[in-house]
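I have placed the structure first, in the form of structure tokens, so that the comments after it can refer back to it.
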Amino acid sequence: MSLIDRVLSCADYNAEDYHPLLVDGHKVGQVSARVAGELADFGTIFDFINMEFHLSQDIKGFKERSTIMSEVARNLFDRGLIVGWREELYPVAPKFGVPALFNIERAAVPFFGIRGYGVHINGWLETGNEPQMWIGRRSRSKPTGAGQLDQVVAGGLPSGIGLMENVIKECQEEASIGALLARQAIPVGTVSYITKREEGLRHDVLFNYDLRLPENFTPINGDGEVDEFMLWPISKVVHEVGREGVFKFNSALVVIDYLVRHGFISPESPGYTEIVSGLHREI
């Protein structure tokens, strides 16, 4: 079992391997050498200046940028370079909470190294001698992390929806948790990482919530994205999250963050300071 390995697996990144992607002077992503070669086919859309890719200054405004980038993403998808099309738009902005420069298909976000956001809810309860946590097994048809373990509820943050609104929506869809109960989810901070994955560069911030669930509650999936739910004692969660490939890569970080915050991983644990600092990576 190695918790530090789970953290380090989300830190496969070398800045020298990427070119910044800028829009209207703002850095919004990073593209690898492979992606850079593909973008060269869109000569009138992207300008390569001083080792940086710039969306052409001739493409102005949110609507026009969104339209053009949608066409680029669809072209790349049709060529097999982007996979797992979701029909879900993500906002693209220099940082969280500022107006988006454009929207883009979710599947294209890692291809361009754009920062993505999500909400993850730790569903836990007090029973017997130790707390327990509801764990979901992702559908085996999911484009990422198929069949791996996850929080009871987790989802990306699409364009046009607030954090708590998204928590409520995802709770209902993924686990049949009603709005009244979902609103009791407590925001407990973030986990962030930047790492190379098969789908591209994942540069994400996850907003984490703890939700104490009633003992008589059993989650029921409603959107086909979860194959099963399991109620595990924390000791089993600690054991399983340390095993390679059991939890989805970023969901493992959310579990580890929970275990640190609640004292189930102590300062005496091997690699404690590296684990804690590794949950919050920025560039």
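Before moving on, here are some points about what is shown:
- Per-residue HN-Hα couplings for the range 60-75 [Karplus 6.51, -1.76, 1.60; θ = phi - 60°; Hz; x = Gly/Pro]: 10, x, 4, 5, 5, 4, 4, 5, 5, 5, 5, 5, 4, 4, 5, 4
- Probe 1.4 Å - accessible area at Ile186, Å² to nearest ten: 100 Å²
- Size estimate for the range 82-157 follows the Kirkwood approach: the inverse of mean 1/r over distinct Cα pairs works out to 14.6 Å.
- Residue-span extension gain [Ser176 to Glu64] - 0.36 nm each, minus C-alpha spacing: 36.5 nm
- Using C-alpha pairs below 8 Å separated by at least 6 residues, the relative contact order for the chain is 22 percent.
- Net charge dipole size for the range 140-283 [Lys, Arg +1 and Asp, Glu -1 on Cβ; Debye, nearest 20]: 160 debye
- Remark: the range 5-103 carries a charge dipole of roughly 300 debye about the Cα centre, counting +1 on each Lys and Arg Cβ and -1 on each Asp and Glu Cβ.
- Translational diffusion coefficient (Stokes-Einstein; Kirkwood radius from C-alpha pairs) of the range 61-125 at 37 °C, 0.692 mPa s, in µm²/s: 256 µm²/s
- For the range 58-138, accessible area per residue (1.4 Å probe, heavy atoms of protein chains only), Å²: 44 Å²
- Charged-residue dipole, Cβ positions (Lys, Arg, Asp, Glu), the chain about Cα centre, Debye nearest 20: 160 debye
- Within the range 147-248, trypsin sites (Lys or Arg not before Pro) in DSSP loop having at most 14 other beta-carbon neighbours inside 10 Å: Arg183, Arg243
- Sites Glu71 and Ser266 - FRET efficiency at Förster radius 41 Å, r taken between beta-carbons, to 0.05: 0.20
- Nearest-ten-degree value, helix 163-175 long axis tilted from longest Cα axis of the chain: 60 degrees
- For the chain, built as a Gaussian network whose Cα springs stay under 10 Å, the top-fluctuating residue of Ile177, Ile161, Ile104: Ile161
- Counting protein heavy atoms only, the chain has 51 percent of its accessible area on carbon and sulfur, 1.4 angstrom probe.
- Over the C-alpha atoms of the range 155-283, the Rg to Rh ratio, Rh being the Kirkwood estimate, stands at 0.95.
- Between helix 249-261 and the chain there is an angle of about 50 degrees, using the helix long axis and the longest principal axis of the Cα atoms.
- Here the range 1-152 yields Rg over Rh of 1.06, to two decimals, using C-alpha coordinates and the Kirkwood radius.
- With the largest listed first and rounded to whole Å, the semi-axes of the equivalent ellipsoid of the range 198-262 from the Cα gyration tensor are 22, 17, 14.
- The GluC sites (Glu not before Pro) of the range 143-206 that DSSP puts in a loop, and whose beta carbon has at most 14 other beta carbons within 10 Å, are Glu198.
- By definition, a body whose alpha carbon gyration tensor gives a ≥ b ≥ c is prolate when a/c is 1.5 or more and a/b is larger than b/c, and the range 1-76 fits this prolate description.
- Evaluated at q = 0.13 Å⁻¹, a Debye calculation over the C-alpha positions of the range 237-283 (equal weights, vacuum) places log10 I(q)/I(0) at -0.27.
- Given charges at Cβ of Lys, Arg, Asp, Glu: the range 149-283 dipole, positive-most of Pro187, Gly245, Leu213: Pro187
- Taking the convex hull of the alpha carbon positions in the chain and averaging its projected area over all directions gives 14.8 nm².
- Viscosity 1.567 mPa s, temperature 4 °C, Stokes-Einstein D of the range 123-220 from Kirkwood C-alpha radius, µm²/s: 87 µm²/s
The values are calculated or read from the model by the stated rules, or taken from the named source; none is laboratory data. All figures in this text were calculated on a predicted structure; none of them were measured in a lab. Ideal geometry is used to build each Cβ from the backbone, glycine not excepted, and the neighbour counts take in all protein chains shown. Accessible surface areas use protein heavy atoms only, side chains included; no ligands, DNA or RNA. Shrake-Rupley method; radii C 1.70, N 1.55, O 1.52, S 1.80 Å.
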